[in-house]
Structure formats: structure tokens, C-alpha cells
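K.L.:
What follows is a single structure, and I will ask about it in a moment.
Laboratory data are not the source of any read-out in this text; all were calculated from the coordinates shown. Predicted model only: the values in this text are computed from it and were never measured. Here Cβ is always computed from backbone atoms with ideal geometry, including for glycine, and neighbour counts include all displayed protein chains.
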């Protein structure tokens, strides 16, 4: 009796030791897996804990209307017309177009534009985070699509203590009172393959101690090792479907790795579109400022000529006591030119050249005003609105005629235009979706297989253990079969295929129409460049003729010959208008040449700008 009692104690201690070993083994395994995860999140106190410091601070700012942090800028009072009249010497930064583009791209996180989209619709603004935002999207990004094929570890541990009475001994294992202590431990590692197959490897460990009279031993451990596979043979199976739709895809829902890759490439195209528009707007702002300086020169020259005329007639009025009508006309002309000069210096709050104003690349607005145009350029390239030096373009527009081979540039536009490249990707995405949709016309037929090793004994490990019994290989089980499921009529599947066909036809029609529009806009810009160059030549001749007329009249006046005052004043106005028209045509020619690069998709390349690949 004593020996039996000691044996029971020894067996009980061994069982408790097995339980402790199993619990510690699981704990160590879980800690090792957690520590090995290089992307695990460690801010548990802020998420699952009760530390509300951060969220309270956020809500405090929301409730008080002070949400977000605003970075203080170093901008000071802007330059005005009064500063220009102060007589202080102005320092200039002779900036090239290449320097302007370099400064703009190195000092911005946002693709700026001359409109106010960033104020009206900030969600539409493209920033340097736009590309990584799409790539890291947990739902539609590449990493999100790949995560469907990641291995999954599932762990379950349950503990039961049962104490119940039965009216029938059969249900109580030979006793009316059933007492049981039961533990279940399940660990499973599962993974989905590229063909849609689901693989699982699991370990099942049971501990059961009860008072059933038919037990071999009062308590026992059972150990199972099981492997399982489920392979779709029709719907949901195959490399093509799973790479397009992903393992969780359904009719109309396609988010596989190939779709995610195409979406990423489309996002890159959208970023390129924004960068091209940004470069175009910076270039437009540069030529706007160039014209503003040339317009200022013309107005300043006209003012000096009118001043000379006015002072001459004022002297005649004082000396000869003649009628003051001539002096008044000359004085009116002087103040007219002074008014135009003041506008040429300060400028007005008028819309200037920007992408999309008439054409994709923008039509030169011909608006003067050095200070206003200089502030616009500073805004575009990321400089404070006022600096120690005033920006002044040092590049001159191309003066020579440029002839384009139409067949060559038209083919280049159709090949390189980013809108067409983006739309081609959309068409290919629709083709992939059509392929995936056709898969749902098949019934769902899965092949199922399962194989299992079993072991049972009074201990978990060691002698007389479940693991030793499992290792003997005496108890093996297997299961195989097929599972068929199909909706009668496949109504949803047929609708998905028809919808995918319509989507593909729509995108192809859009691509065709976009191609027509690209060649149309390119032809318009080629014609505009030719017109602007011809206007440059014509207005240069007009300017020279007007200058000759003014010089002849001024020479006659200085020689004491009779001069018609109204004719002289009119000639001065004509000279000023001709000079402004000449510089307007030169700037229009520069913008038109830029727009040809814009329309044929070579603006970034010719600006020596290239997008780095993320692949």
C-alpha cells in the first residue's frame, strides 16, 4: 500500500513536471518569435495600455482649435512700389532657368502650382510622400498584396476542470460522478502558395486526467502531428488567378500582386505628371519675370523720352509765353508713361502663365510687374517672399527659328507622353481583371488531404510518453477527398465578366481619344511656335521703324525745325507699344518651345530631370 502511494506521488510529480515543461517551452517559443520580428511595434503602453497622455494632448488641441503644428516662416514685409522709389541701390541675383529648377526641386516637399489648389483641395496636391504612400498602403500596396502569402502562426491553449453528475453511468465513463482535469495545446503554422493551395502543419497536445473506470491510466498525454493541404483545382486555383486577384479575391475584387504592381506604376506616372506640371509652372514663372523686366525697360525708356519732351515744351512755355496746351499734352503723356512704369514695377494681382491655362503647358499671359512676377517665382522655387537680392533672369529666349520633323515628334509624343503611358497601364490592368473574372465561371472544386501521427501514454516526454509512442509510427491516419461548390447559373460570375469587358472597352476608347488629343495639342503648339517666331520678326521690324520715327522727330525738334507735337507724342506711344510687343513675342516663342517639349513628353528629359525607380 505504501509502495502504491509512493508510486502515485511519483506519477503525479512527473505529470506536473511534464505540464511545467510544456508551458515553459511554449512561453520560450513565443518570446523567441516575438523578439525575432524585426517590424514589431513596441509602443504597447500607448495602444493596449492605459497611458492616454498622447491622445489627451491631441484631443486638447482639437478641442481648442489649435490642432497641428504650423512652422513659422522667416518671410518679412514684401517689397512694394514705395521701396523701389526709395532710391536704395538694388542688388540682383542673376539666375538661370537651370538654377531656378534646381532650387525649386531641392527646397520643396510639395509640387507647387501657381493656382491655389493647395488651399482649395489639399488632398489633390502631390508631395514627395505620394509615391511611398501608395507603396506602403496596407490594403492596395505591393507589400499588402504579398502579405496574403505570408506564413501564419496560430497558437491555442485551453484549460478545463469538469465536475458533473450523470443520471446514467454510461455517460460518466462508468461512474455517476465525472471529474476531469483537461489541457489542450494547439500550435499551427500555415501558408498559402502561389497556386492557391493552403498548407498547414500543426501540433496537438492533450492532457486528460479523469475518474473514468475504463482508463488504462488515471491520466494520459496524447500527442498528434498533422499535415494538411487544400488545393483548389478550378475556381481560385492556378498561378494566373492568384497573382491577379490574390487569395481573397472575389468577383469584381482584384488585389493580387500583379494588380498592386500596376497600381504602383500608375502612381509613379501620376507623380511624373505632377513633376512635369511643376517644372512647366516654374519655367512659366521664369519667363513671366523675364518679360516683366523687359516690359519695365520699355516703360522706363518711354518715360525718359516723354520727360525730355515735356521739359522742352515747358521751357518754351516759360521763355516764349506761348500757350500751355503743348506743354500740357507733353505733361499728360509723361504721367501716362509714369503710370505704366509703376504698374511695370509693382504689377497687379492678375493671373499669370500656368499649366492648364488654355493648353496643358500654359499660354503666356503677357502680364507685367517685376515685383509681382518675382514673388511668384520665389513662391514656385521655395524662397522667402523677400530676399536681400532681387531675382532677375539671365537666360535669353532662343532667337533662331527651330523646325520640327512632324512624323518624328508625333511618334515621340505617342510613345513618351506620360498620360498615354499611364492609360496604357490602366488598359493592361483591365485585361488582367478580365482574366481573373473568367475564373469565377468555374465551379469551386478543392482537393483535400490530411495525414496524422498519434501517440498516447501516461507521460508527455521521456519513457512511457506520448512522444515515444508517436515516434514508433504505430498509429498513423490519413484522409483524402474532394469538395465541390457551385452557384446554379453563375449569375454573379457572368456579371463580373461582362463588367470587366466593358471596363476594358472603356479604357481602350479613352486611350484612343487621348492619342488624338495629344497629336492635336502638339500640332497646335508647333503652329504657335511658328506664329510666335514670325511675330518676333515682325515686331522687331515694327520696333525699329517706330524708333526711327521717334529719332527723326526728336532730331528735327532739336534742330529747331517745326514738329507736330501730336505726331511726336503718338510716335513715342507707338515706340513703347512696339517694344513691349517685341518682348511679348520673344517670351511667347520661349513658352511655345517649352510647350512643344511638354506635349511630346520630353520636358523632364530636356530639363535633365529623371525619376529614380523604386523597383
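K.L.:
Compute the Rg to Rh ratio over the stretch 495-615 from the alpha carbon atoms, using the Kirkwood formula for Rh, and round to two decimal places.
P.N.:
Numbers: Rg = 26.2 Å, Rh = 19.1 Å.
Radius of gyration over Kirkwood radius for the stretch 495-615 works out to 1.37.
K.L.:
Rg/Rh for the stretch 392-477: what does it come to with C-alpha atoms and Rh from Kirkwood? Please report the intermediate quantities before stating the final value.
P.N.:
Details: Rg = 35.5 Å, Rh = 21.4 Å.
Dividing the radius of gyration by the Kirkwood radius yields 1.65.
K.L.:
Let me know the volume per residue of the alpha-carbon convex hull for the stretch 142-235, in Å³. Walk me through the numbers on the way to the answer.
P.N.:
Numbers: hull volume 14.5 nm³, N = 94.
For the stretch 142-235, the hull spanned by Cα atoms encloses 155 Å³ per residue.
K.L.:
If you take the C-alpha gyration tensor of the stretch 289-413, multiply each eigenvalue by 5 and take the square root, what semi-axes do you get, largest first, in whole Å?
P.N.:
Equivalent-ellipsoid dimensions as semi-axes: 41, 20, 13 Å.
K.L.:
Please state the equivalent ellipsoid semi-axes for the stretch 447-508: what are the square roots of 5 times the Cα gyration tensor eigenvalues, largest first, in whole Å?
P.N.:
Values: eigenvalues 602, 41, 14 Å².
Computed over the stretch 447-508, the values are 55, 14, 8 Å.
K.L.:
At 0.36 nm per residue, minus the direct Cα-Cα distance, what do residue 511 and residue 312 gain on full extension? Give it in nm, one decimal, please.
P.N.:
Working: separation 199, 0.36 × 199 = 71.64 nm, distance 6.78 nm.
So the chain would gain 64.9 nm between residue 511 and residue 312.
K.L.:
Please rank 468, 294, fewest neighbouring Cβ atoms within 10 Å first, as an exposure proxy.
P.N.:
On the way: 468 16, 294 21.
Sorted ascending by nearby Cβ count, the order is 468, 294.
K.L.:
Mind listing P(r) for the stretch 359-502? All alpha-carbon pairs, 5 Å bins, whole percents.
P.N.:
Computed distribution, short to long bins: 2, 6, 7, 7, 6, 6, 7, 7, 6, 6, 6, 6, 5, 4, 5, 5, 4, 4, 2, 0.
K.L.:
Over the stretch 203-343, what is the mean sequence separation of C-alpha contacts under 8 Å (at least six apart), divided by residue count, expressed as relative contact order in percent?
P.N.:
The normalised contact order for the stretch 203-343 reaches 12 percent.
K.L.:
Quick one: grab the alpha carbon gyration tensor of the stretch 418-540, order the square roots of its eigenvalues as a ≥ b ≥ c, and give me rounded if a/c is under 1.5, else prolate or oblate depending on whether a/b is larger than b/c.
P.N.:
Taking the square roots of the gyration eigenvalues as a ≥ b ≥ c, the stretch 418-540 is oblate.
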